[in-house]
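In what follows, a structure is listed as structure tokens, so that the remarks can point back to it.
The values are calculated or read from the model by the stated rules, or taken from the named source; none is laboratory data. For clarity, every value in this text was computed on a predicted model and none was experimentally measured. Cβ placement follows ideal geometry from the backbone for every residue including glycine, while neighbour counts extend to all protein chains displayed. Calculation scope for accessible area: heavy atoms of the full protein, side chains included, ligands and nucleic acids excluded. Shrake-Rupley method; radii C 1.70, N 1.55, O 1.52, S 1.80 Å.
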Amino acid sequence: MQIEQLKQLVLDTLADMKARDVTVMDVRGKTAVTDFMVVACGTSDRHVKAIAETVAFRAKEAGEPALGSEGVSQGEWALV
């Protein structure tokens, strides 16, 4: 899967999950870890947890499993 396709998958999932304040940051040339960072907000701890789990699940379905995640169990914040 190309990076643009993965980015669009994430953005579509965030839209489906009704995430708020979605921001895409192009960090190519600033870090070797990734090309894009996508930041989004949820309306509650449960919503944040559901968003993170769904993004990870859909990426895995598409053949791009998440390398890891943090903060998902608490739901106050999540990093996938």
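Each Lys or Arg adds one and each Asp or Glu takes one away; over the other residues whose Cβ falls under 13 Å from the Cβ of THR54, this sums to +1.
Quick check: with the 1.4 Å probe, what order do ARG20, ARG46, ARG58 take by accessible area, largest first?
ARG46, ARG20, ARG58
Just to confirm the number: angle between the C-alpha axis of helix 45-61 and the first principal axis of the chain, 0 to 90 degrees, nearest 10? With both axes taken from Cα atoms, the answer is about 40 degrees.
In this structure, the amide hydrogen of ALA19, modeled 1.01 Å from its nitrogen in the peptide plane, lies closer than 5 angstrom to no residue at least 5 positions away or on a different chain. Between MET25 and GLU61, full extension at 0.36 nm per residue minus the direct alpha carbon distance yields a gain of 10.5 nm. Across the chain, Cα pairs under 8 Å and at least six residues apart give a relative contact order of 27 percent. Taking 13 Å as the cut-off, the amide N atoms of region 27-57 that come nearer than this to a point 7 Å along the Cα-to-beta-carbon line of GLU76 belong to 45. In sequence order, region 28-35 has phi-based couplings of 4, x, 9, 8, 8, 7, 7, 9 Hz under the Karplus curve 6.51 cos²θ - 1.76 cosθ + 1.60, θ = phi - 60°, and Gly or Pro positions carry x.
In the list [x] 3, 16, 26, 23, 14, 8, 5, 3, 1, 0, 0; [y] 3, 14, 21, 21, 19, 16, 6, 1; [z] 3, 15, 26, 28, 19, 7, 1, the label attached to P(r) over Cα pairs in 5 Å bins from 0, in percent as derived from the coordinates here is [z]. Helix 3-16 versus the longest principal axis of the chain: what angle, 0 to 90°, nearest 10, using Cα atoms? The two axes meet at around 20 degrees.
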